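All remarks here apply to the structure that follows.
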Amino acid sequence: ANLARYSLALCHLHNNDFEKALAALDAIPAPDRNGDLAIVSYQLAGVLIRLAPLKTDDAIAAGKLQEQLQTASQLLEAFAGANPQAPEAPDALLKLGHCQQRLAQLLAQPPEKQAAIQAARQAYEKLMTQYPKDSRVPQAVMERAKSQALAGDRGGAMNELRRFTQPPLQDTPVAPMALLRLASLHREQNQPLEAAKVLDDARKKHEPALGKDKEREAWVAVLRYHHGVALLEANKPAEARPIAWIAAS
């Protein structure tokens, strides 16, 4: 019966019907989520993350989101810990870090916030050390840098993100977004010229390939927009105007 429930959940996932997938997966008792059904915890956490709203309008919604992310974190931590050889284990750690980062942004008490940030960093570092050849490692490096910035260590975060200007990370798919985050940190510290330089170099390096990539081509406009904003903040409107015009078009 539980295998049938899991198969039904996969059908719902294939149809992007996450509410029904959640119901089917949740109907499988926690003690039975082992062996062939160990993957249930991973899938259930993934559905909870997909259903988690990006924004909350009130304290009640924020409380529900916090509970949702905490449940997903517990499921992912249990799955990754019990199934380190599973193909999904690296992705489980990446998702675990994501959940903890979002929790850190929701939590008001500094000790709880710092604990969530530390948990996120540990998840990313575990992925990087235990699965060094996994394709998700570059994203883990970028996300760990975001966690550092969230903890107030902007300098450490920027040093990590600068790794995406050198091999081997400069040639990874997430490099443009890592450099965009580096530029944003420069702007947060009133360094728009440095931000513009980072984005100018990033565009020269990555724009040609991004324009040919259907999954990432939208990043071109994002890079151009932020490049234009950085130049505008640096009091260079004449240089910013044509870039902003291209981004808008």
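The values are calculated or read from the model by the stated rules, or taken from the named source; none is laboratory data. Note that the structure is predicted; figures quoted are calculated from it, not measured. Don't worry about glycine lacking a Cβ; one is built from the backbone with ideal geometry, like all the others, and counts go over all protein chains shown. Ligands, DNA and RNA are excluded from the accessible area calculation, which covers all protein heavy atoms including side chains. Shrake-Rupley method; radii C 1.70, N 1.55, O 1.52, S 1.80 Å.
Checking the structure you have, find out if any residue of the range 12-19 is over 24 Å from the mean Cα position of the chain (by Cα) and more than 28 Å from Ala104 (Cα to Cα). Yes: one or more hits. Out of the residues in the range 15-47 meeting the condition of being free of Cβ contacts under 8 Å to residues at least 12 places away in the same chain, assigned to a helix (DSSP H, G or I) and more than 23 Å from Cys99 (Cα to Cα), tell me which one is least open to solvent (accessible area, probe 1.4 Å). Top of the filtered list is Gly35. The residues listed here are Ala86, Ala78, Ala4, Ala62; of these, the one that is open to solvent by 20 Å² or more (accessible area, probe 1.4 Å), outside any helix (DSSP H, G or I) and among the aliphatic types (A, V, I, L, M) is Ala86.
Of the residues making up the range 48-59, those that are within 17 Å of the chain's Cα centre (by Cα) and assigned to a loop (DSSP other than H, G, I, E, B) are Ala52, Pro53, Leu54, Lys55. Flag not set for Ala116, criterion: aliphatic (A, V, I, L, M), in contact (Cβ under 8 Å) with a residue 24 or more places away in the chain, in a helix (DSSP H, G or I) and open to solvent by less than 60 Å² (accessible area, probe 1.4 Å).
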